[in-house]
Amino acid sequence: MAAETGLHLHVSAVRYRGAALPCRTPEGRGELGNAVLTDEPALAVRDTAYAAQEGAEERRLACVLTDGLTVCGTHLSTRGTAAAQAANDGQCAELAETVTRLARLQPVVASGDVNRLPSCLDRPFRTVTDAAAAQAPGIQHVYADPRLGRVRSSVEPATYTDHDVLVATFRRPRRLTSRRRRPGR
């Protein structure tokens with residue numbers, strides 16, 4: 001997708017029982033991971049495992065800082081057991097703390113399969129969900145910094161996954177914190 005769109009790609013590889021987990025159905029697509037696509041190249045990347053974990057799959061948060069916008073992607077634990085709910089709650093709190101801290105520097109948009117209906121972030125962030133999805137509605141979220149303005153969303157059907165695709169678009173903010181000047185500006 002990155003090659004077809006011209007976007008910059010960062011993949012946070014997911015570990016399963018300490019090893020890479022190859023994608024299945026169809027095979028040959030590489031390793032399972034969280035992808036973050038950005039218009040501009042990364043100035044810095046924060047890619048870490050959550051402190052709270054449950055089960056064999058390591059859950060991670062990847063944030064890519066570009067010139068004027070930070071983009072984060074994640075996949076939180078499911079909530080099927082009491083231990084899994086505790087892990088999901090801990091990951092949700094860590095996601096909220098990280099995004100709130102990063103928003104002090106510049107606008108942030110964070111998204112992912114959070115495996116929960118309640119939002120991880122409170123106001124002033126806007127929460128957009130895939131509530132209209134045919135598969136597992138409401139558990140994918142986009143958290144939009146208020147400086148991004150109006151966020152439009154749609155849900156697209158998907159195969160080879162346990163949920164549909166949540167698409168969110170917004171107008172990129174002016175470079176509020178840009179450190180470099182472009183010619184003619």
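Taken together, the values in this text are just the output of simple stated rules run on the coordinates, not laboratory data. All values derive from a computational prediction rather than experimental measurement. Heads up, the Cβs are rebuilt from the backbone with ideal geometry, glycines too, and the neighbour counts pull from every protein chain shown.
Summary of values
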{"read-out": "No Cys partner within the rule (Cβ under 4.7 Å), the chain", "value": "Cys23"}
{"read-out": "Per principal axis, descending, Cα span of the chain in whole Å", "value": "55, 38, 31"}
